[in-house]
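Reading through the structure tokens given below for one structure.
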Amino acid sequence: MATATTPAPAASPTADERLVRRSAVARLLARPEMGAVVGAVAVFAFFAAVAPVFTQLSSVATVLYGASTIGIMAVGVSLLMIGGEFDLSTGVAVVFSALTAAQFSWFLGTNVWVGVGVALVVSLGLGFLNGYLLVVTKLPSFIVTLATFLMITGINLGVTRLVAGGVSSPSIASMDGFESARSVFAAKISFLGVRWEVTVLIWLALVVIATHLLVRTRVGNWIFAAGGDDLAASAVGVPVKRTKIGLFVGVGLCAWLLGMHNLFAFGTVQSGEGVGNEFLYIIAAVIGGCLLTGGYGSAVGGALGALIFGMVNKGIVYAQWNPDWFKFFLGLMLLLATIVNLVVKKRAEQR
Amino acid sequence: MTTTTGTSLVTMRGVGKRYGNILALQDVDLDVQAGRVTCVLGDNGAGKSTLIKIIAGRHQHSEGVLEIHGEERTLGSPREALDLGIAAVYQDLAVVPLMPVWRNFFLGSELTKGRGPARILDVKKMQRIAKQELLDMGIDLRDVNQPIHQLSGGERQCVAIARAVYFGARVLILDEPTAALGVKQSGVVLRYVLRARDRGLGVVFITHNPHHAYPVGDRFLLLKRGRPLGYHEKKDVTLDELTSQMAGGAELEELAHELEQTDADSALIADVRAAEV
């Protein structure tokens with residue numbers, strides 16, 4: 001360890017002699033997702049100790065599948081939160097997308113791929129509507145998306161009752177295009193002797209794309225700025241409104257991807273599902289270090305939050321505990337993770 | 001620098017602004033010249049912000065003539081003003097606190113490399129330029145990667161000023177840059193005002209504090225209740241005259257008090273007290 005009196009070596013143009021080289025550890029700790037990394041390792045170690053079966057490859061595949069069904073949405077939600085907004089309609093938006101695809105193709109008797117395409121347009125449209133209402137009314141996103149959450153919940157139930165006469169969408173498993181759509185959205189891939197769900201791949205791809213978008217493109221800069229201080233951002237020419245609408249549309253895309261998986265994995269969708277899931281996505285983002293007030297966070301963090309969710313969710317089963325306790329653990333994780341994030345962030349900034 | 005010192009960049013003749021039946025500003029003559037600092041002084045509600053909003057393109061004047069680079073114009077938007085080289089640095093909305101200095105520096109005008117979907121930020125180049133530009137303005141930062149909220153208030157203002165200068169501003173409008181700062185910080189910002197001037201920019205410095213305006217200003221426009229109270233060259237006016245012109249007794253008492261706290265020259269304090277009468 002160099003002491004303060006040691007003269008600094010000649011500074012290169014980029015390095016500065018007053019900049020005490022922070023150790024690699026300190027710099028790592030300053031990352032927004034660091035708390036989640038620590039949490040994920042701790043949760044893994046914990047369940048590996050109480051339930052040895054947890055570390056088997058087939059269990060890993062199951063855990064990752066559970067994590068991916070939260071993680072896909074957490075990517076969009078994390079970006080949205082970094083951009084300073086909330087979306088409470090995400091849980092029902094997933095079901096909305098699946099119901100749209102199923103009932104459109106069933107009611108009109110088309111190839112299911114037509115329904116898939118219509119669902120994409122509708123999902124992106126719902127995201128656009130959320131964003132557009134937000135920037136036009138200037139209401140908090142909490143209110144705007146709470147309103148769309150309620151409306152979509154009603155539409156899911158009401159339209160399904162009208163079209164299918166029940167609470168679940170008609171099964172489209174025997175319709176044209178179902179098998180090919182299933183082999184895309186609900187594929188299983190054999191690898192290392194275990195069958196992996198395609199959603200894991202989709203999830204990882206989304207995380208990579210979102211991370212690239214955030215740190216290496218202009219749009220990423222705008223997302224951080226829109227969430228950090230929208231007035232300052234628009235004063236220097238950042239298209240804040242377009243950025244925010246785009247983020248909601250991105251959430252819509254994630255909802256479509258997950259909705260299509262749910263539809264083609266099971267062939268039918270319950271119209272009342274999805275309520276409450278929006279909080280899981282937000283929790284994943286928060287555990288992953290995304291600041292509730294915006295302007296700070298990462299896509300990797302949201303992914304780690306989803307991973308922790310998956311591990312706790314399945315770990316309880318592998319440990320043969322009563323799954324009733326799952327929500328309790330989730331709440332505890334959220335509390336611990338946010339406290340750790342806060343402490344780690346303060347420490348890192350003081351260095 | 002292409003413009004020589006003394007070239008008129010922005011000229012106002014008899015400019016006024018009405019909001020409905022309220023006269024916010026009237027009969028203002030102003031000449032912003034390259035390489036000179038024009039100070040606009042006035043109390044709250046004197047019309048300072050209306051004046052800068054007209055020059056910065058946020059509002060349009062309703063009377064008189066506004067000439068920019070010798071051409072009569074009405075500015076429709078801040079973007080239009082920016083394109084003409086007029087940049088405004090606002091006291092409260094200068095930067096995004098949690099973002100690194102270099103990202104703030106290039107925010108809204110990011111440098112990229114590559115094309116189409118492969119178009120990415122040129123991070124190295126932006127970091128290098130930000131560091132160098134700030135150094136040229138006399139701001140020696142340790143690390144342009146640190147979040148800008150770790151800088152002092154004065155340094156943040158200076159980053160915003162350096163940014164405007166780098167992006168080709170020829171007219172720099174500073175809205176109360178020293179209002180929220182301590183004495184020492186204010187000194188730092190005032191030094192950068194002079195640096196910007198020395199680089200040939202026409203600086204419009206808005207303040208309610210004549211003690212900040214006098215040392216750096218070349219010309220002083222005093223506003224009161226939306227009307228010009230005086231327009232002086234530096235050689236024609238002293239700090240005392242400036243102070244007593246712009247303020248009433250109560251304010252001067254406050255000023256004297258403030259001066260006492262900042263260890264100012266006791267003769268100066270006596271002068272201010274004398275002007276109260």
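The values are calculated or read from the model by the stated rules, or taken from the named source; none is laboratory data. All figures in this text were calculated on a predicted structure; none of them were measured in a lab. No Cβ is skipped: glycine too gets one built from the backbone with ideal geometry, and neighbour counts run over all protein chains shown.
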Close pairs from the stretch A:207-223: first more than 11 Å from chain B (Cβ to nearest Cβ), partner polar (S, T, N, Q) and buried (at least 19 other Cβ atoms within 10 Å of the Cβ), Cβ under 8 Å, at least 6 apart: A:Ala210/A:Ser78; A:Thr211/A:Ser298
Test result for A:Gly302, within 14 Å of chain B (Cβ to nearest Cβ), surrounded by 24 or more Cβ atoms within 10 Å (Cβ to Cβ) and at pLDDT below 95: no
Some residue of the stretch A:164-178 being away from chain B (no Cβ under 14 Å) and of a type in the set (Val, Ile, Thr): yes
3 or more residues in contact (Cβ under 8 Å) with a residue 24 or more places away in the chain and more than 18 Å from B:Leu174 (Cα to Cα): qualifying strands (runs of 3 or more DSSP E) within the stretch B:1-45: B:8-19, B:22-33
The stretch B:75-106 - residue that is at pLDDT below 85 and away from chain A (no Cβ under 11 Å) and, of those, nearest to B:Leu151 (Cα to Cα): B:Gln91
Single match in A:Ala285, A:Ala319 (criterion: under 20 Å from A:Leu64 (Cα atoms), crowded, with 23+ Cβ neighbours inside 10 Å, out of contact with any strand residue (DSSP E or B) (no Cβ under 7 Å at 6 or more places or on another chain) and not aromatic (Phe, Trp, Tyr)): A:Ala285
Contacts under 9 angstrom Cβ, first residue in the stretch A:274-298 being more than 14 Å from chain B (Cβ to nearest Cβ), partner among the charged types (D, E, K, R), 6 or more apart: A:Glu278/A:Asp87; A:Tyr281/A:Asp87; A:Ile282/A:Asp87; A:Gly288/A:Glu33
Which numbered condition B:Ser109 misses (of (1) more than 27 Å from B:Thr178 (Cβ to Cβ); (2) within 9 Å of another protein chain (Cβ to nearest Cβ); (3) hydroxyl-bearing (Ser, Thr, Tyr)): (1)
Residue within the stretch B:237-257 that is in the same structural domain as B:Leu23 (by TED's automatic domain parsing), modelled with pLDDT of 75 or more and assigned to a strand (DSSP E or B) present: no
Top-ranked residue of the stretch A:224-260 - restricted to ones that are within 14 Å of chain B (Cβ to nearest Cβ) and among the β-branched types (Val, Ile, Thr), ranked as farthest from B:Ala81 (Cα to Cα): A:Thr243
Scope the stretch B:144-188; condition within 13 Å of another protein chain (Cβ to nearest Cβ) and of a type in the set (S, T, N, Q); matching residues: B:Asn145, B:Gln146, B:Gln150, B:Gln157
Residue in the stretch A:272-280 that is modelled with pLDDT of 90 or more, small (Gly, Ala, Ser) and either closer than 20 Å to A:Ser141 by Cα or surrounded by fewer than 23 Cβ atoms within 10 Å (Cβ to Cβ) (or both) present: no
Residues that are without any contact (Cβ under 8 Å) to a residue 24 or more places away in the chain, surrounded by fewer than 21 Cβ atoms within 10 Å (Cβ to Cβ) and outside any helix (DSSP H, G or I), drawn from the stretch A:235-271: A:Gly237, A:Pro239
Which numbered condition B:Val171 fails, given (1) surrounded by fewer than 21 Cβ atoms within 10 Å (Cβ to Cβ); (2) of a type in the set (Val, Ile, Thr); (3) at pLDDT 85 or above: (1)
